[in-house]
Amino acid sequence: MTNDNISNPAEVSAAQEETSPQQLYPSRVVLTTYPSQHGIEPIPLSWGAQTAAERGPVVVSRQPDSFGKRNAIGAGGGSYCIYRALAVAIGALGPNHRPDFRMTEPTNVIGPFPSWSDPDKIVSMDPWGHAIVEHYSDHLEQGVDI
């Protein structure tokens, strides 16, 4: 699979990088969103679905164009989110920086395994997260920060 059709995040986010943290986070940190809030339309998420397409992408982003599409709470990137936070804090990354996921597919096929669709066995990890380019490239192309 090639990812030539996915926009280069460095080009797409060049203008976004100029946004100050005060503009991005003006007053408080909101941990979750609710469908009754104005402008909130979470991307459907069906945890325990048999396929990535049925399940949908996990969106925890605080990016302005993805915030209303959030369907989960937490930190994207797992334990690496602390490194992103530190890089933003020292000014090495802009608050709107988006990673370039081109050429990040796994070198070997991983799963699916029966436990991935058993809601009693999946606790806190995204079983499809290792292959978001393969399964959710349409969302990435639309600017959703997965």
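FYI, it's all coordinate maths here, none of it is from the lab. Bear in mind the structure is a predicted one, so any value in this text is a computation, not a measurement. Positions of Cβ are generated from backbone atoms using ideal geometry, with glycine treated the same way; all protein chains shown enter the neighbour counts.
Observations, loosely collected:
- Signed unit charges on C-beta, dipole axis of segment 31-146, positive-most listed residue Pro64, Met103, His135: Pro64
- Linear extension gain, Asp100 paired with Trp47, 0.36 nm per residue minus alpha-carbon span: 16.5 nm
- One Cα centroid belongs to segment 98-146, the other to segment 48-63; the line between them spans 8 Å.
- Among residues other than Lys69 with Cβ under 11 Å from its Cβ, the summed charge is -2 (Lys and Arg +1, Asp and Glu -1).
- Net charge in the neighbourhood of Pro127 (other residues with Cβ under 15 Å of its Cβ; Lys, Arg +1, Asp, Glu -1) is -3.
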